[in-house]
Amino acid sequence: MHIDKLYECTKKIQESGVIFYYSGYLSQKMLKSIGDVIKEKLSYEDINSSTIKRIFSVFVEQTQNIIKYSSERIYIDNSELSQGVIILGSENSNFFLECGNLVSKDVSKNLKTELIKIQGMDKDELKSYYKEKLKSDSSYTKGAGIGLIDIARKSTKPIEFDIKEQSQNSFFFLKAFI
Amino acid sequence: MKNLIIEATDFTPEINFDYEKNKLLIKGESYPESVSNFYGKVFESLKVYFSDLKNSLVNVDIKLIYFNSSSAKVLMNFFTLLEDSIQNGNSIVINWYYESEDDILLEFGEDFKEDFPKLTFNLVEIEE
(Lines give C-alpha, C1' and ligand atoms only; values in the text may rest on other atoms or scores of the structure.)
Protein backbone atom coordinates (compact mmCIF):
# COMPACT_ATOMS: atom_id res chain seq x y z
CA MET A 1 0.00 0.00 0.00
CA HIS A 2 1.31 3.42 -0.87
CA ILE A 3 2.23 5.40 2.27
CA ASP A 4 -0.35 8.16 1.79
CA LYS A 5 -3.02 5.52 1.34
CA LEU A 6 -2.01 3.93 4.64
CA TYR A 7 -3.07 7.00 6.62
CA GLU A 8 -6.45 7.06 4.81
CA CYS A 9 -6.91 3.39 5.48
CA THR A 10 -6.00 3.73 9.18
CA LYS A 11 -8.45 6.61 9.56
CA LYS A 12 -11.24 4.67 7.85
CA ILE A 13 -10.62 1.65 10.06
CA GLN A 14 -10.77 3.79 13.20
CA GLU A 15 -13.97 5.48 12.02
CA SER A 16 -15.59 2.10 11.38
CA GLY A 17 -14.92 1.14 15.01
CA VAL A 18 -12.70 -1.81 14.18
CA ILE A 19 -10.45 -2.75 17.09
CA PHE A 20 -8.99 -6.00 15.77
CA TYR A 21 -9.06 -7.52 12.31
CA TYR A 22 -7.66 -10.85 11.20
CA SER A 23 -8.06 -12.53 7.83
CA GLY A 24 -6.24 -15.74 7.09
CA TYR A 25 -5.71 -19.27 8.24
CA LEU A 26 -6.83 -20.11 11.75
CA SER A 27 -5.91 -22.90 14.10
CA GLN A 28 -6.66 -23.66 17.73
CA LYS A 29 -3.22 -22.33 18.68
CA MET A 30 -3.93 -19.07 16.89
CA LEU A 31 -7.31 -18.89 18.58
CA LYS A 32 -5.47 -18.85 21.90
CA SER A 33 -3.03 -16.14 20.79
CA ILE A 34 -5.69 -13.91 19.27
CA GLY A 35 -7.93 -14.48 22.29
CA ASP A 36 -5.12 -13.40 24.62
CA VAL A 37 -4.52 -10.25 22.57
CA ILE A 38 -8.21 -9.36 22.65
CA LYS A 39 -8.51 -9.95 26.39
CA GLU A 40 -5.41 -7.91 27.14
CA LYS A 41 -6.41 -5.03 24.86
CA LEU A 42 -9.87 -4.81 26.43
CA SER A 43 -8.50 -4.91 29.97
CA TYR A 44 -6.27 -1.90 29.16
CA GLU A 45 -9.42 -0.02 28.17
CA ASP A 46 -10.96 -0.77 31.57
CA ILE A 47 -13.78 -2.84 30.17
CA ASN A 48 -15.42 -4.82 32.96
CA SER A 49 -14.45 -8.47 33.32
CA SER A 50 -17.96 -9.78 32.70
CA THR A 51 -18.08 -8.07 29.28
CA ILE A 52 -14.58 -9.28 28.41
CA LYS A 53 -15.63 -12.84 29.26
CA ARG A 54 -18.73 -12.53 27.11
CA ILE A 55 -16.70 -11.19 24.18
CA PHE A 56 -14.11 -13.94 24.58
CA SER A 57 -16.84 -16.55 24.71
CA VAL A 58 -18.47 -15.37 21.45
CA PHE A 59 -15.03 -15.09 19.85
CA VAL A 60 -14.23 -18.72 20.73
CA GLU A 61 -17.54 -20.00 19.33
CA GLN A 62 -17.13 -18.01 16.10
CA THR A 63 -13.51 -18.99 15.60
CA GLN A 64 -14.11 -22.65 16.36
CA ASN A 65 -16.97 -22.61 13.85
CA ILE A 66 -14.55 -21.28 11.24
CA ILE A 67 -12.00 -23.93 12.20
CA LYS A 68 -14.60 -26.69 11.95
CA TYR A 69 -16.70 -25.61 8.98
CA SER A 70 -14.67 -23.41 6.66
CA SER A 71 -14.48 -24.99 3.23
CA GLU A 72 -11.11 -23.32 2.64
CA ARG A 73 -8.62 -25.56 4.39
CA ILE A 74 -4.96 -26.44 4.01
CA TYR A 75 -2.64 -28.92 5.67
CA ILE A 76 0.80 -27.83 6.82
CA ASP A 77 3.10 -30.12 8.84
CA ASN A 78 0.27 -32.35 10.09
CA SER A 79 -1.74 -29.28 11.12
CA GLU A 80 -5.05 -28.44 9.55
CA LEU A 81 -5.73 -24.75 9.09
CA SER A 82 -9.03 -23.10 8.15
CA GLN A 83 -9.40 -19.79 6.34
CA GLY A 84 -11.67 -17.13 7.79
CA VAL A 85 -12.10 -13.56 8.95
CA ILE A 86 -12.53 -12.31 12.51
CA ILE A 87 -13.32 -8.70 13.39
CA LEU A 88 -13.79 -7.14 16.81
CA GLY A 89 -15.06 -3.58 16.94
CA SER A 90 -17.24 -1.11 18.72
CA GLU A 91 -20.18 0.89 17.43
CA ASN A 92 -22.59 3.07 19.40
CA SER A 93 -22.30 1.62 22.87
CA ASN A 94 -21.83 -1.99 21.87
CA PHE A 95 -18.96 -4.19 20.95
CA PHE A 96 -19.44 -6.36 17.89
CA LEU A 97 -17.76 -9.55 16.74
CA GLU A 98 -17.99 -10.51 13.11
CA CYS A 99 -16.80 -13.71 11.57
CA GLY A 100 -16.75 -14.82 7.96
CA ASN A 101 -15.77 -17.93 6.06
CA LEU A 102 -16.51 -19.92 2.95
CA VAL A 103 -18.93 -22.81 3.29
CA SER A 104 -20.44 -25.27 0.83
CA LYS A 105 -23.82 -24.37 -0.65
CA ASP A 106 -25.51 -27.14 1.33
CA VAL A 107 -24.08 -25.89 4.59
CA SER A 108 -25.12 -22.32 3.78
CA LYS A 109 -28.72 -23.45 3.17
CA ASN A 110 -28.84 -25.13 6.59
CA LEU A 111 -27.17 -22.14 8.24
CA LYS A 112 -29.73 -19.78 6.74
CA THR A 113 -32.66 -21.85 8.00
CA GLU A 114 -31.18 -22.19 11.47
CA LEU A 115 -30.20 -18.52 11.78
CA ILE A 116 -33.58 -17.19 10.65
CA LYS A 117 -35.13 -19.41 13.30
CA ILE A 118 -32.71 -18.14 15.97
CA GLN A 119 -33.14 -14.47 14.98
CA GLY A 120 -36.87 -14.73 15.63
CA MET A 121 -36.44 -15.93 19.22
CA ASP A 122 -36.45 -13.95 22.44
CA LYS A 123 -34.20 -14.71 25.42
CA ASP A 124 -36.52 -17.32 26.91
CA GLU A 125 -37.09 -19.08 23.59
CA LEU A 126 -33.34 -19.15 22.96
CA LYS A 127 -32.80 -20.68 26.39
CA SER A 128 -35.41 -23.39 25.76
CA TYR A 129 -34.06 -24.12 22.30
CA TYR A 130 -30.53 -24.35 23.68
CA LYS A 131 -31.61 -26.76 26.43
CA GLU A 132 -33.57 -28.85 23.93
CA LYS A 133 -30.54 -29.20 21.65
CA LEU A 134 -28.25 -29.85 24.59
CA LYS A 135 -30.33 -32.84 25.62
CA SER A 136 -31.20 -34.10 22.13
CA ASP A 137 -28.35 -36.36 21.08
CA SER A 138 -26.77 -38.67 23.59
CA SER A 139 -23.36 -38.47 21.93
CA TYR A 140 -21.33 -35.36 22.56
CA THR A 141 -18.78 -36.17 19.89
CA LYS A 142 -20.32 -34.00 17.18
CA GLY A 143 -20.22 -30.91 19.37
CA ALA A 144 -23.97 -30.59 19.76
CA GLY A 145 -24.58 -27.87 17.14
CA ILE A 146 -25.43 -25.36 19.82
CA GLY A 147 -22.66 -22.85 19.09
CA LEU A 148 -24.92 -20.48 17.14
CA ILE A 149 -27.60 -20.52 19.83
CA ASP A 150 -24.88 -19.87 22.41
CA ILE A 151 -23.68 -16.83 20.43
CA ALA A 152 -27.25 -15.54 20.14
CA ARG A 153 -27.82 -15.94 23.90
CA LYS A 154 -24.70 -13.97 24.76
CA SER A 155 -25.50 -11.24 22.26
CA THR A 156 -27.24 -8.12 23.53
CA LYS A 157 -29.18 -7.71 20.25
CA PRO A 158 -30.42 -10.26 17.70
CA ILE A 159 -27.51 -11.60 15.67
CA GLU A 160 -27.15 -10.53 12.05
CA PHE A 161 -25.95 -12.68 9.18
CA ASP A 162 -25.40 -12.50 5.46
CA ILE A 163 -24.61 -15.06 2.79
CA LYS A 164 -22.95 -14.04 -0.46
CA GLU A 165 -23.31 -16.72 -3.12
CA GLN A 166 -20.28 -17.51 -5.22
CA SER A 167 -19.99 -19.98 -8.09
CA GLN A 168 -18.87 -23.03 -6.08
CA ASN A 169 -19.37 -21.91 -2.49
CA SER A 170 -21.09 -19.38 -0.30
CA PHE A 171 -19.45 -16.74 1.82
CA PHE A 172 -21.08 -16.66 5.22
CA PHE A 173 -20.92 -13.72 7.66
CA LEU A 174 -22.21 -13.51 11.20
CA LYS A 175 -22.31 -10.45 13.48
CA ALA A 176 -22.92 -10.58 17.21
CA PHE A 177 -23.28 -7.60 19.57
CA ILE A 178 -22.09 -7.48 23.14
CA MET B 1 -8.99 -48.54 40.71
CA LYS B 2 -6.32 -46.00 39.78
CA ASN B 3 -7.21 -42.35 40.28
CA LEU B 4 -7.51 -40.20 37.18
CA ILE B 5 -5.25 -37.16 37.27
CA ILE B 6 -4.81 -34.99 34.19
CA GLU B 7 -3.02 -31.64 34.36
CA ALA B 8 -4.70 -28.57 32.93
CA THR B 9 -3.64 -27.32 29.51
CA ASP B 10 -4.45 -24.09 27.66
CA PHE B 11 -7.73 -25.58 26.40
CA THR B 12 -8.61 -28.35 28.84
CA PRO B 13 -9.27 -28.34 32.59
CA GLU B 14 -7.45 -30.12 35.40
CA ILE B 15 -9.10 -33.48 36.09
CA ASN B 16 -8.53 -34.91 39.52
CA PHE B 17 -10.71 -37.92 40.22
CA ASP B 18 -9.82 -39.47 43.57
CA TYR B 19 -11.79 -42.69 43.29
CA GLU B 20 -10.65 -43.95 46.70
CA LYS B 21 -12.10 -40.92 48.47
CA ASN B 22 -15.03 -40.54 46.00
CA LYS B 23 -14.00 -36.96 45.25
CA LEU B 24 -14.09 -35.65 41.70
CA LEU B 25 -12.62 -32.30 40.66
CA ILE B 26 -12.83 -30.48 37.33
CA LYS B 27 -10.99 -27.16 37.38
CA GLY B 28 -9.95 -24.55 34.81
CA GLU B 29 -11.10 -23.80 31.28
CA SER B 30 -12.58 -26.08 28.65
CA TYR B 31 -12.53 -25.21 24.96
CA PRO B 32 -10.57 -27.93 23.17
CA GLU B 33 -10.76 -28.25 19.41
CA SER B 34 -12.12 -31.75 19.80
CA VAL B 35 -14.07 -32.53 22.96
CA SER B 36 -14.07 -36.26 22.16
CA ASN B 37 -10.28 -36.41 21.97
CA PHE B 38 -9.99 -35.12 25.50
CA TYR B 39 -13.15 -36.27 27.25
CA GLY B 40 -13.29 -39.74 25.64
CA LYS B 41 -10.78 -41.13 28.10
CA VAL B 42 -12.33 -39.22 31.00
CA PHE B 43 -15.71 -40.85 30.38
CA GLU B 44 -14.13 -44.29 29.89
CA SER B 45 -12.59 -43.97 33.33
CA LEU B 46 -15.80 -42.70 34.95
CA LYS B 47 -17.83 -45.55 33.49
CA VAL B 48 -15.50 -48.10 35.07
CA TYR B 49 -15.67 -46.27 38.41
CA PHE B 50 -19.46 -46.09 38.45
CA SER B 51 -19.98 -49.66 37.25
CA ASP B 52 -18.84 -50.91 40.66
CA LEU B 53 -19.97 -48.10 42.91
CA LYS B 54 -22.79 -48.74 45.38
CA ASN B 55 -24.25 -46.88 48.36
CA SER B 56 -21.52 -44.25 48.34
CA LEU B 57 -21.47 -40.49 48.72
CA VAL B 58 -19.67 -38.81 45.83
CA ASN B 59 -18.47 -35.23 46.12
CA VAL B 60 -18.00 -33.35 42.85
CA ASP B 61 -16.28 -29.95 42.69
CA ILE B 62 -16.66 -28.03 39.43
CA LYS B 63 -14.48 -24.93 39.23
CA LEU B 64 -14.68 -23.91 35.60
CA ILE B 65 -14.04 -20.30 34.68
CA TYR B 66 -14.93 -20.76 31.02
CA PHE B 67 -16.23 -23.54 28.80
CA ASN B 68 -17.36 -23.57 25.16
CA SER B 69 -20.66 -24.91 23.82
CA SER B 70 -19.23 -28.37 23.03
CA SER B 71 -18.06 -28.61 26.63
CA ALA B 72 -21.56 -27.73 27.84
CA LYS B 73 -22.71 -30.91 26.10
CA VAL B 74 -19.96 -32.85 27.88
CA LEU B 75 -21.15 -31.48 31.23
CA MET B 76 -24.71 -32.52 30.37
CA ASN B 77 -23.50 -36.07 29.71
CA PHE B 78 -21.41 -36.02 32.88
CA PHE B 79 -24.37 -35.04 35.06
CA THR B 80 -26.50 -37.70 33.35
CA LEU B 81 -23.89 -40.31 34.24
CA LEU B 82 -23.86 -39.10 37.85
CA GLU B 83 -27.63 -39.14 38.03
CA ASP B 84 -27.78 -42.69 36.64
CA SER B 85 -25.49 -43.88 39.43
CA ILE B 86 -28.17 -43.00 42.00
CA GLN B 87 -29.93 -46.22 41.00
CA ASN B 88 -27.16 -48.11 42.82
CA GLY B 89 -27.85 -46.32 46.09
CA ASN B 90 -25.24 -43.62 45.55
CA SER B 91 -25.79 -39.99 46.48
CA ILE B 92 -24.11 -37.21 44.58
CA VAL B 93 -23.22 -33.73 45.80
CA ILE B 94 -22.11 -31.21 43.20
CA ASN B 95 -20.45 -27.93 44.14
CA TRP B 96 -20.63 -25.55 41.19
CA TYR B 97 -18.25 -22.66 41.79
CA TYR B 98 -18.65 -19.29 40.09
CA GLU B 99 -16.97 -15.90 40.49
CA SER B 100 -19.18 -13.11 41.89
CA GLU B 101 -19.36 -11.11 38.67
CA ASP B 102 -19.76 -14.08 36.39
CA ASP B 103 -23.42 -14.12 35.48
CA ILE B 104 -22.83 -16.61 32.65
CA LEU B 105 -21.37 -19.29 34.92
CA LEU B 106 -24.08 -18.65 37.52
CA GLU B 107 -26.82 -19.04 34.92
CA PHE B 108 -25.32 -22.30 33.67
CA GLY B 109 -25.17 -23.56 37.24
CA GLU B 110 -28.81 -22.65 37.81
CA ASP B 111 -29.88 -24.34 34.56
CA PHE B 112 -28.01 -27.57 35.32
CA LYS B 113 -29.39 -27.55 38.85
CA GLU B 114 -32.89 -27.26 37.42
CA ASP B 115 -32.28 -30.04 34.91
CA PHE B 116 -30.94 -32.54 37.45
CA PRO B 117 -33.23 -32.40 40.49
CA LYS B 118 -32.00 -35.77 41.81
CA LEU B 119 -28.50 -34.39 42.28
CA THR B 120 -27.67 -32.18 45.25
CA PHE B 121 -26.45 -29.13 43.38
CA ASN B 122 -24.81 -26.31 45.37
CA LEU B 123 -24.03 -22.99 43.74
CA VAL B 124 -20.93 -21.64 45.45
CA GLU B 125 -19.96 -18.01 44.97
CA ILE B 126 -16.24 -17.16 44.98
CA GLU B 127 -15.42 -13.62 46.05
CA GLU B 128 -12.99 -12.09 43.53
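The values are calculated or read from the model by the stated rules, or taken from the named source; none is laboratory data. All figures in this text were calculated on a predicted structure; none of them were measured in a lab. Quick reminder, even Gly has a Cβ in these numbers, built from the backbone with ideal geometry, and neighbours come from all protein chains shown. In case anyone asks, the SASA skips ligands and DNA or RNA and just uses the protein heavy atoms, side chains included. Shrake-Rupley method; radii C 1.70, N 1.55, O 1.52, S 1.80 Å.
Within segment A:96-113, identify whether any single residue is of a type in the set (Gly, Ala, Ser) and within 14 Å of chain B (Cβ to nearest Cβ), and answer yes or no. No; the residues of segment A:96-113 include none that is of a type in the set (Gly, Ala, Ser) and within 14 Å of chain B (Cβ to nearest Cβ).
Being open to solvent by 60 Å² or more (accessible area, probe 1.4 Å) and either within 11 Å of another protein chain (Cβ to nearest Cβ) or under 20 Å from B:VAL74 (Cα atoms) (or both) holds for only one residue in A:SER136, A:SER167, A:SER82, A:SER93, and it is A:SER136. Taking first residues from segment A:1-22 that are open to solvent by less than 80 Å² (accessible area, probe 1.4 Å) and partners that are of a type in the set (A, V, I, L, M, F, W, C) and modelled with pLDDT under 90, the Cβ contacts under 9 Å between residues at least 6 apart in sequence or on separate chains come to A:CYS9/A:MET1. Candidates B:GLU29, B:GLU110, B:GLU33: the one that is within 14 Å of chain A (Cβ to nearest Cβ), outside any helix (DSSP H, G or I), open to solvent by 10 Å² or more (accessible area, probe 1.4 Å) and farther than 25 Å from B:ASN3 by Cα is B:GLU33. Scanning segment A:88-103 finds no residues that are among the charged types (D, E, K, R) and outside any strand (DSSP E or B). The set of residues from segment A:41-68 being within 13 Å of chain B (Cβ to nearest Cβ) and open to solvent by 60 Å² or more (accessible area, probe 1.4 Å) comprises A:ASN48, A:LYS68.
Given the structure, is B:LEU123 in contact (Cβ under 8 Å) with a residue 12 or more places away in the chain, surrounded by 21 or more Cβ atoms within 10 Å (Cβ to Cβ), more than 12 Å from every other protein chain (Cβ to nearest Cβ) and not β-branched (Val, Ile, Thr)? Against the criterion (in contact (Cβ under 8 Å) with a residue 12 or more places away in the chain, surrounded by 21 or more Cβ atoms within 10 Å (Cβ to Cβ), more than 12 Å from every other protein chain (Cβ to nearest Cβ) and not β-branched (Val, Ile, Thr)), B:LEU123 does not qualify. Here B:PHE38 clears all of (1) open to solvent by less than 10 Å² (accessible area, probe 1.4 Å); (2) within 14 Å of chain A (Cβ to nearest Cβ) except the condition numbered (1). Using the structure shown, decide if B:PHE43 is within 30 Å of A:LYS68 (Cβ to Cβ), within 14 Å of chain A (Cβ to nearest Cβ) and surrounded by fewer than 17 Cβ atoms within 10 Å (Cβ to Cβ). It is true that B:PHE43 is within 30 Å of A:LYS68 (Cβ to Cβ), within 14 Å of chain A (Cβ to nearest Cβ) and surrounded by fewer than 17 Cβ atoms within 10 Å (Cβ to Cβ). Any chance segment B:56-74 includes a residue that's assigned to a helix (DSSP H, G or I), exposed (fewer than 15 other Cβ atoms within 10 Å of the Cβ) and within 14 Å of the chain's Cα centre (by Cα)? Within segment B:56-74, none of the residues are assigned to a helix (DSSP H, G or I), exposed (fewer than 15 other Cβ atoms within 10 Å of the Cβ) and within 14 Å of the chain's Cα centre (by Cα). Going through (1) within 14 Å of another protein chain (Cβ to nearest Cβ); (2) in a helix (DSSP H, G or I) one by one, A:VAL37 falls short only on (1).
A:PRO158 fulfils the conditions (1) part of a strand (DSSP E or B); (2) in contact with a helix residue (DSSP H, G or I) (Cβ under 6 Å, 6 or more places away or on another chain); (3) open to solvent by 40 Å² or more (accessible area, probe 1.4 Å) except for a single criterion, (1).
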